[in-house]
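The values are calculated or read from the model by the stated rules, or taken from the named source; none is laboratory data. The structure presented is a predicted model; accordingly, all values stated were derived computationally and were not measured. Here the Cβ positions follow ideal geometry from the backbone for every residue, glycine too, while neighbour counts run over all protein chains shown. Keep in mind that these areas ignore ligands, DNA and RNA; they rest on the heavy atoms of the full protein, side chains included. Shrake-Rupley method; radii C 1.70, N 1.55, O 1.52, S 1.80 Å.
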Amino acid sequence: MSAPIADTAGTADDARSSLEALRSEIAKAVVGQDPAVTGLVVALLCRGHVLLEGVPGVAKTLLVRALSTALELDIKRVQFTPDLMPSDVTGSLVYDARTAEFSFQPGPVFTNLLLADEINRTPPKTQSSLLEAMEERQVTVDGTPRSLPEPFLVAATQNPVEYEGTYPLPEAQLDRFLLKLNVPLPSRQDEISVLTRHAEGFDPRNLQAAGVRPVAGPADLEAARAAVAKTSVSPEITGYVVDICRATRESPSLTLGVSPRGATALLATARAWAWLTGRDYVIPDDVKALALPALRHRVQLRPEAEMEGVTPDSVINAILANVPVPR
């Protein structure tokens, strides 16, 4: 019985090494966005979806494309616009005159990585067409459910400063995203590195020429997910996650706190992060590391708190500072 256990451990260790290699591989195309890369990998391990927020030009799209290349995953990009229809995302029935029958033409959602660019530029009807795909991993057209490929991840982008002509995501849809990752402007040194690369001939449309190559694949993801599922969580850690989430519901700065779904997301991502860092058990620091990306989009500020400059991140950081940490 010992041989299969050893083989499983080796597979898990190999998968961890492969996923760790993603950072250096993606860094060949994207400079200085390690937290976002880590967040995307955590989401893949947890079978979740990611909302990437950042001003235009900070390489959100390039980041997802580089991830798909390094993981050998199929990717499709949809530019969300006000006139985009749900069928443009999910697919539709098309009449074939030769057979006199309707056949289903799959939409771009039938892929491994769906890049939903500027998701808040399309009306709620089209935004909601993603809800079934994100939650059930299937698309229902004309009453027939059709399964999506595995793995499947929606990486949606939005601009945090431009509100004209946009349709803010409703709370129910925001809650479907496992993580909300902020993609900041680069530091001065990172920006110099970006310009130097472009001056030397870097073409963001040709990742192969930039040297980005596959370093992991779906098999590594499956092995990693199996290992994450075995990462142990003590009752004290479970209580710590619950206490953090319950504290958001009692915060005077918030009108909406974190739901039990949010608590589940925080625990799942903390387990994935613990495994990525080489442990088979979760510690409080794992919970703290994922608290902001897992919870910031699940809370709603009171208008008066927002006017005073309070942010979701500052509220969550204050809660982390006050909730007792298990010993």
_Those aspartates and glutamates that a straight Cα-Cα span of less than 17 Å connects to Lys28, excepting residues fewer than 8 apart in one chain_ = Glu20, Glu72, Asp190, Glu191, Glu200, Asp203
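Starting from the Cα gyration tensor of segment 39-168, take the square roots of the eigenvalues, sort them a ≥ b ≥ c, and report rounded, prolate or oblate (rounded when a/c is under 1.5, otherwise prolate if a/b is larger than b/c, else oblate). Intermediate values should be presented prior to the final figure.
Numbers: a/c = 2.06, a/b = 1.39, b/c = 1.48.
Verdict is oblate for segment 39-168.
Find out how many positive minus negative residues lie around Asp117, taking Lys and Arg as positive, Asp and Glu as negative, among other residues whose Cβ is under 9 Å from that of Asp117.
Local charge sum for Asp117: +2.
Compute, for the chain, the length of the dipole vector about the Cα centre, with Cβ point charges of +1 (Lys, Arg) and -1 (Asp, Glu) only. Units Debye, rounded to 20.
Details: 31 positive and 40 negative charges, 60 e Å.
Around 280 debye, computed over the chain.
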*Distance between Cα centroids, segment 91-146 to segment 170-237: provide it in whole Å.*
25
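Report, in order of residue number, the helices in the chain meeting two criteria: a C-alpha extent of 15 Å or more along the helix axis, and a mean Kyte-Doolittle hydropathy of at least -1.0; treat each whole DSSP H run as one helix.
Membrane-span-like by this rule: 2-26, 34-45, 60-71, 188-199, 218-229, 235-250, 260-276, 284-295, 312-322.
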*Roughly how many debye, to the nearest 20, is the charge dipole of segment 40-185 about its Cα centre, given +1 on each Lys and Arg Cβ, -1 on each Asp and Glu Cβ, and no other charges?*
280
*asked:* Along its three principal axes, how long is segment 114-262 when you only count alpha carbons? Whole Å, largest extent first please.
replied: 52, 46, 41
*asked:* Placing +1 on the Cβ of each Lys and Arg and -1 on the Cβ of each Asp and Glu in the chain, which of Thr111, His198, Gly32 has its Cα farthest towards the positive end of the resulting dipole?
replied: Gly32
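Using a probe of 1.4 angstrom, how much of the accessible area of the chain is carbon and sulfur, in percent? Could the numbers behind the result be given before it?
Working: 8530 of 15800 Å².
Solvent-exposed carbon and sulfur of the chain make up 54 percent of the total.
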_Just to be sure I follow: if Rg is taken over the C-alpha atoms of the chain and Rh is the Kirkwood radius over the same atoms, what is Rg/Rh?_
0.98
*Taking just the C-alpha trace of segment 187-291, give me its Rg and Dmax in Å.*
19.9, 54
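Going by the alpha-carbon gyration tensor, a ≥ b ≥ c the square roots of its eigenvalues, is segment 145-222 rounded (a/c under 1.5) or, if a/c is not under 1.5, prolate (a/b greater than b/c) versus oblate?
On the way: a/c = 2.46, a/b = 1.21, b/c = 2.02.
In terms of gyration-tensor shape, oblate.
Could you provide, to the nearest whole Å², the per residue accessible area of segment 63-107 with probe 1.4 Å?
Working: 2500 Å² over 45 residues.
Per residue, segment 63-107 has 56 Å² of solvent-accessible surface.
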*Among the lysines, which have Cα under 21 Å from the Cα of Lys125 when same-chain residues fewer than 8 positions away are ignored?*
Lys76
_If I stretch the segment between Thr196 and Arg146 completely, what's the gain in nm (0.36 nm per residue apart, minus their alpha carbon distance), one decimal?_
13.4 nm
*In Å², what does the accessible area per residue of segment 210-323 work out to with a 1.4 Å probe?*
45
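Compute the Kirkwood hydrodynamic radius of segment 83-158, taking the inverse of the mean of 1/r over all pairs of distinct Cα atoms, and give it in Å to one decimal. Write down the numbers at each step before the final one.
Details: mean 1/r = 0.0765 Å⁻¹.
Kirkwood radius, segment 83-158: 13.1 Å.
Given the peptides 78-89, 169-180, arrange them by the average over their residues of other C-beta atoms within 10 Å, most packed first. Intermediate results must be reported in sequence, preceding the final value.
Numbers: 78-89: 16.2, 169-180: 18.6.
Going by the mean number of other Cβ atoms within 10 Å, highest first, we get 169-180, 78-89.
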_Quick query: amide H of Leu254 versus all other amide H atoms, modeled in the peptide plane; which residues come in under 5 Å with a sequence gap of 5 or more or a different chain?_
Arg302
